[in-house]
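Input: a single structure, listed below in structure tokens.
The values are calculated or read from the model by the stated rules, or taken from the named source; none is laboratory data. Bear in mind the structure is a predicted one, so any value in this text is a computation, not a measurement. Cβ sites come from the backbone with ideal geometry, for glycine too, and all protein chains shown count toward neighbours.
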Amino acid sequence: MSDRRDALTKLFSAKGAKVDTNRGEAYYEALMNRMSARLQSLETSNLAMKSSIERALDAQGLTRRDFMKWASAMCAMLMLPSQFTPLVAQAATLMNRVPVIWIELQDCAGNSEAILRSDAPTIDELILDVLSLEFNETIMAAAGHQAEEHLEEAMKTFKGKYLCVVEGAVPIGAGREWCTIGAKGETFEEHLKRVAKDSAAVVAVGTCATFGGVPAASPNPTGAVGVQDVVRGKPIINIPACPANPANITGTILHFVLTGQIPELDHLNRPKFAFGYRIHDNCERRAHFDAGEFVEEWGDEGAKNNFCLYKMGCKGPMTFNNCSIVRYNEAVNWPIGSGHGCIGCSEPQFWDKYATERPLADSRIKAPTGGVEKSVDEFGLGLLTAAGIGIAIHAVASASAAKVESEEA
Amino acid sequence: MAYKKVKRMSLFMRINHWVVAICMVAAIATGLYIGHPYYQTLIADLAVDKYVMAWNRWIHFMAAIIFDVSSIVVAYLYFFSRFEKAYKKLIPNGENIKEFGDVLVNLMTLNRVKKFDSTHADSFNAVFFFIFHLMLLWMLLTGLQLYVHAFPHGESSIGAWWPTMLHLATDWTVWITGGTYMDVRISHHNTMYWIIAWVMFHIYYQVWRTLFWQEGDINIVVGGSKFVKEDKEKSN
Ligand code: HEM
Ligand code: SF4
């Protein structure tokens, strides 16, 4: 990876994902004042606003009460004391004042889809809908030169103020020229660098944009990497998962609206409020894990009894994300709840190393030296067989030809 | 012709050896279960009452802790043992390299050539055990890295210093093994096989020495001593 991204800081960076939630009154008072001032200035700013959350809520038949319930949950998620709820609500109504330029690179648009395609949108999703989206290839009407003009104009108007949201991996290897965008044939890398340059911060949404994701899976024909490997000198927030949870995207943008700053990040630049939890620790099947009750095969008695999915390849023990708490689609369900193990989609290299659908011991993984894929146990048994054969040969040779020290030497 | 008894391991060292051996068996049996639960929970009880995986993990961690403590003691003995200060045999000077070669030649020529003093622990022995202790240390570091994932909040029942210390001591294993937690786990699992291979050769070699050197080597780890021929004692 390009200059081994601050390798040294990383070495000693994982202070744990703890967010201090008790910093004393003085701290929260100052924070509240800062936030109020910021919201005030946003309110009076003449930045773009096309739609409003009030109208969007109305259209969906959601009440003010629903909205306030959502705001207090979001307040807790951002690990703020409850007196911040009104500010969070106010910030949500001002989300349309923060211009967003949303670009897509090597991806399936799954993150956009997760937000846009629900038949009963959640408030998280509605809020993302009313964002001041200045540019988004997937949903905008313009195309070709016209679209490029839009982009230029948005970047000029909101210079230094917009959030650059990136979905998709950046090909920088031999295959980068297969991916160009626009009439000028700009490569994805050039495109990203140009848009990121004048942004206030870059938000990498989804695992492709954060760590390369599926496009970067072995053998990675395009040399795909994440945004943080390409963009320098800008605050970068990673919101991985496949797709990223709309609640976490909203939370992060809301945090930016509230404070003008990015939230506390962990060693992989993921917001701690969202990625400070291990799936396994908050999983409803955990009692079955500890008991040793596992689903052995899809649809067996264990599956009917909601046993632990570890033997079906669940990687919850090595995956950090809040899906076991926040879940998806307004907390309706999440992968493990619906009977499939976690595939570790918010971790780097998840496609090659986590999503094997088997416990680690049985996963076929490339040896460090390359070559054939083997499971660790196959490799281990090979090693032990070789050792056994070596010992056997030596033993047989010794038995027939070795010199035994005699009594009178 | 007379044999002379030489003391090689103190009672404490022998106990340490067997504790390590038992822990090894326990760690392998439970580790393999953790990696791929290979037997079914056959107790018709509620999940809250039986802790088959939890016990396996408990035994694994207990074996690990005993291991860790014993390794620290062994590391101490490398330098300060009354018997054989192993580090002296690890320094790659001419004498040690020659001795290492001679012992290897002895093994390869099926004991037809024996040009070293087998009274004391030799260089080959020291290097062989050093490799083991390095592997054990690696298991310790990767194991503790896997373990610290259970403290994402940075707290533990004995305070925040514990996970903090574990992060400081073991986070580098993630980057060394390939950048993900899965790599650490793969390495932890793989290293187990190298350790088993090591144990296979270790047992074979001790028996082989006993059979062909005829100096009662196997007793070193039971009674604490072995025998060497008087005249040889003198000639060396
Ligand atoms: C020679 C000694 C050891 C052996 C042979 C051994 C073996 C194993 C094996 C085979 C696994 C399963 C890995 C997998 O496939 O997922 C495992 C897991 C693990 N080991 Fe060890 N191990 C040893 C020492 C240690 C030590 C010193 C620690 C330190 C605390 C440790 C902590 C762990 C942890 C935390 C796990 C993962 C358990 C889980 O996530 O539930 N191990 N070990
Ligand atoms: S289903 Fe996965 S996350 Fe849940 S307890 Fe089992 S292994 Fe852990």
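Residues checked against (1) farther than 16 Å from residue A:274 by Cβ; (2) within 16 Å of ligand 1 (Cβ to nearest atom):
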position: A:311; (1), (2): yes, yes
position: A:315; (1), (2): yes, yes
position: A:322; (1), (2): no, no
position: A:338; (1), (2): yes, no
position: A:341; (1), (2): yes, yes
position: A:346; (1), (2): no, no
position: A:350; (1), (2): yes, no
Would you list the helices (runs of 4 or more DSSP H) that sit entirely within segment B:125-236 and hold 1 or more residues that are surrounded by 16 or more Cβ atoms within 10 Å (Cβ to Cβ) and hydroxyl-bearing (Ser, Thr, Tyr)? B:161-170, B:172-177, B:181-213
Return a yes/no flag: does segment A:216-223 have any residue that is within 13 Å of chain B (Cβ to nearest Cβ), within 16 Å of ligand 1 (Cβ to nearest atom) and either within 22 Å of residue A:349 (Cβ to Cβ) or under 18 Å from the mean Cα position of the chain (by Cα) (or both). no
Among residues of segment A:264-295 being within 15 Å of the chain's Cα centre (by Cα) and either at the interface with another protein chain (Cβ under 7 Å from one of its Cβ atoms) or assigned to a helix (DSSP H, G or I) (or both), the residue surrounded by the fewest Cβ atoms within 10 Å (Cβ to Cβ) is A:272
Report whether or not residue A:247 is modelled with pLDDT under 90, under 13 Å from the mean Cα position of the chain (by Cα) and not assigned by TED's automatic domain parsing to the domain that holds residue A:353. yes
I need a count of the residues in segment B:120-150 that are at the interface with chain A (Cβ under 10 Å from one of its Cβ atoms) and within 16 Å of ligand 2 (Cβ to nearest atom). 3
I'm told residue A:387 meets every condition in (1) buried (at least 20 other Cβ atoms within 10 Å of the Cβ); (2) not hydroxyl-bearing (Ser, Thr, Tyr); (3) not in a loop (DSSP other than H, G, I, E, B) except one. Can you identify the failing condition by its number? (1)
Filter result for the condition that a residue is within 11 Å of another protein chain (Cβ to nearest Cβ), hydroxyl-bearing (Ser, Thr, Tyr) and either under 30 Å from residue A:69 (Cβ atoms) or not in a loop (DSSP other than H, G, I, E, B) (or both), over A:400, A:338, A:346, A:324: A:400
Taking the options B:162, B:208, B:198, B:175, name whichever one is within 7 Å of chain A (Cβ to nearest Cβ) and farther than 30 Å from residue A:218 by Cβ. B:208
Result of the Cβ filter at 7 Å on segment A:59-85, keeping first residues that are in the same structural domain as residue A:126 (by TED's automatic domain parsing) and within 15 Å of residue A:22 (Cβ to Cβ) and partners that are in a loop (DSSP other than H, G, I, E, B) and among the β-branched types (Val, Ile, Thr), at least 6 apart or interchain, is A:79/A:19; A:79/A:21
Of a type in the set (Gly, Ala, Ser) and either away from ligand 1 (no atom under 16 Å from the Cβ) or within 14 Å of another protein chain (Cβ to nearest Cβ) (or both): which single residue out of B:63, B:27, B:54 fits that description? B:54
